[in-house]
Amino acid sequence: MISAKSAEIIKDDLWKNNPVTVQILGICSTLAVTNIFLNTLILGLGLIFVMAFSALVVSLMRNIIPQRVRMMVQTLIIASFVVIVDIVLKAYVPDISKALGPYVGLIITNCIIMGRLEAFSSSNRPPLAFLDGVMSGIGYTYVILVIAFFRELLGFGTILGYPVMDPLVRSLGYSEGWIQWAFMIMAPGGFFMLAIFIWVANNISTTNISHSEK
Amino acid sequence: MKKSITTIAFMTFVTVLFISVLAVINETSRARIIQNLQIDEAKSILYAFDILPKEIDETELNPAATTNDLPWNEQNVIETIREEIKTVTLPISEEHKKLLKDSFLAIEDSATIYIHHDNSGNVLAYGFPLKGKGLWGTISAFGAVSSNLEKMVGIDFTAQVETPGLGARITEVEFKYFFRNLSLEGFHEDSKRKPIVLVKEKEQSNIEDPTNSLQAITGATQTVSGVQKMLNTDLKFYLDLIKENEQQLKQAVSQRA
């Protein structure tokens, strides 16, 4: 059975206090890598791994880390897990590693990780910190996946590289086929999709959180 | 004072601990990563020489496909490279170096030429590594030209750190296909115009209608311009070098046959 505290963490990280839509964290990668669904998925999985294990290790070490160097230690822990992800991708899925290019290394700069380690893991027990890490990672990943779905669909006319829009448009009688929205492939397209997602999420949220009240 | 020393000691210990763990993981994966890189490089060389897996028609591939999507068997890649490709290293003269001040070759003393040959020892094409500047970093490529040096056979990009979905699309078949049969006439003329140019949209590939133009990628102007500059600088050098050493290169292949 999930305890009340765990249920609260899940609800908070996935929706009520979602790192992207409510805390507006991790925006750089949200804009940069969400134009291809597969890259976004792999980056999201990498972030969940780094987030979960960094949270676990920080929580395990929370009582021995000197206060004045805690952020240095947290950065060291995050960087170590990011390097592990990078090595594993290069060794076992080199194609994806190539496609993601520098973005794997940039997981370390994702503010969500540092934010959650500092706000939650450094003051909570390991199981809860691990759960928070996983849920924050999932909370981030599903948002970027939704954005990536629409950006790839409209920008390239494909999903996971398979043509979707072109056959659809042609079957509707438009012989010239799907005209790609180049704007969606570029970073400004990410801004628009993110803004639309936040708008929709805030509208359907029962609490309807206002950023000015934070 | 004691507190500071404890903190420094703690930080040092934690750093050494994490670095040790990473060193072990790195060491255990290193052989596999190196092997992956070598196979990738070999696939790129074969792609540039227009050597594709049997029953593969490039025009029927997904335009977004990359070299890694080709259904190569690793053993076939190694065997094909061994049987059909030979390398020869040629010295770079001081005179050439002066013309290469913007190129990665400026600091090199020699250049490696890859020769694609048939079983009888006839040269089919020449290949060479290329390097240029993209938007975010260095773009490494492998280019191949026909044995009469008049057309490009192909190109593949072996390493790049361009924006995924934008500049990184130089690795896709759709972009690389325009290098097949690209006219190199401009390199043999004494003219100031650029030997290779970029156009917004091409109605036909260079296979149907050989020209000196490539189709640019929307949203990746700096990356594609970097590729164009890389070609216009390095190709001139390689074409001259091959022309000057043509006999030596042909002999190297015929001796082997």
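The values are calculated or read from the model by the stated rules, or taken from the named source; none is laboratory data. Every value quoted in this text rests on a predicted model; they were computed, and no experiment measured them. Neighbour counts run over all protein chains shown; Cβ positions are idealised from the backbone, glycine included. Note: accessible area is taken over every heavy atom of the protein model, side chains too, but ligands, DNA and RNA are not part of it. Shrake-Rupley method; radii C 1.70, N 1.55, O 1.52, S 1.80 Å.
In the range B:136-159, which residue that is polar (S, T, N, Q) and within 10 Å of the chain's Cα centre (by Cα) is most open to solvent (accessible area, probe 1.4 Å)?
Ranking the candidates gives B:Thr158 first.
Residues that are within 11 Å of chain B (Cβ to nearest Cβ): find the helices (runs of 4 or more DSSP H) completely inside the range A:1-88 holding 1 or more of those.
A:27-32, A:37-60
Would you be able to say whether some residue in the range A:152-171 is at pLDDT 90 or above and under 16 Å from the mean Cα position of the chain (by Cα)?
The answer is no; no qualifying residue exists.
Any residue at all in the range A:138-154 that's surrounded by 13 or more Cβ atoms within 10 Å (Cβ to Cβ) and among the charged types (D, E, K, R)?
Looking through the range A:138-154, at least one residue is surrounded by 13 or more Cβ atoms within 10 Å (Cβ to Cβ) and among the charged types (D, E, K, R).
One residue is enough: does the range A:9-21 have a residue meeting the conditions within 22 Å of A:Leu153 (Cβ to Cβ), open to solvent by less than 50 Å² (accessible area, probe 1.4 Å), modelled with pLDDT under 85 and among the hydrophobic types (A, V, I, L, M, F, W, C)?
Yes, because at least one residue in the range A:9-21 is within 22 Å of A:Leu153 (Cβ to Cβ), open to solvent by less than 50 Å² (accessible area, probe 1.4 Å), modelled with pLDDT under 85 and among the hydrophobic types (A, V, I, L, M, F, W, C).
Please name all residue pairs, on different chains or six or more residues apart, with Cβ atoms under 7 Å, provided the first residue is in the range A:131-142 and is over 14 Å from A:Thr30 (Cα atoms) and the second residue is in a helix (DSSP H, G or I) and charged (D, E, K, R).
Between residues of the range A:131-142 that are over 14 Å from A:Thr30 (Cα atoms) and residues that are in a helix (DSSP H, G or I) and charged (D, E, K, R), the close pairs are A:Asp132/A:Asp13; A:Asp132/A:Arg116; A:Gly133/A:Arg116; A:Met135/A:Asp13; A:Ser136/A:Asp13; A:Ser136/A:Arg116.
Does at least one position in the range B:123-134 carry a residue that is under 21 Å from B:Glu246 (Cβ atoms), among the charged types (D, E, K, R) and modelled with pLDDT of 90 or more?
For the range B:123-134, residues under 21 Å from B:Glu246 (Cβ atoms), among the charged types (D, E, K, R) and modelled with pLDDT of 90 or more: absent.
Give me the helices (runs of 4 or more DSSP H) completely within the range B:2-100, filtered to those with at least 2 residues that are surrounded by 12 or more Cβ atoms within 10 Å (Cβ to Cβ), charged (D, E, K, R) and within 14 Å of chain A (Cβ to nearest Cβ), ordered by residue number.
Because the criterion is at least 2 residues that are surrounded by 12 or more Cβ atoms within 10 Å (Cβ to Cβ), charged (D, E, K, R) and within 14 Å of chain A (Cβ to nearest Cβ), the helices (runs of 4 or more DSSP H) in the range B:2-100 that meet it are B:2-48.
Among the residues of the range A:112-124, are any assigned to a helix (DSSP H, G or I), within 12 Å of chain B (Cβ to nearest Cβ), without any contact (Cβ under 8 Å) to a residue 12 or more places away in the chain and surrounded by fewer than 23 Cβ atoms within 10 Å (Cβ to Cβ)?
no
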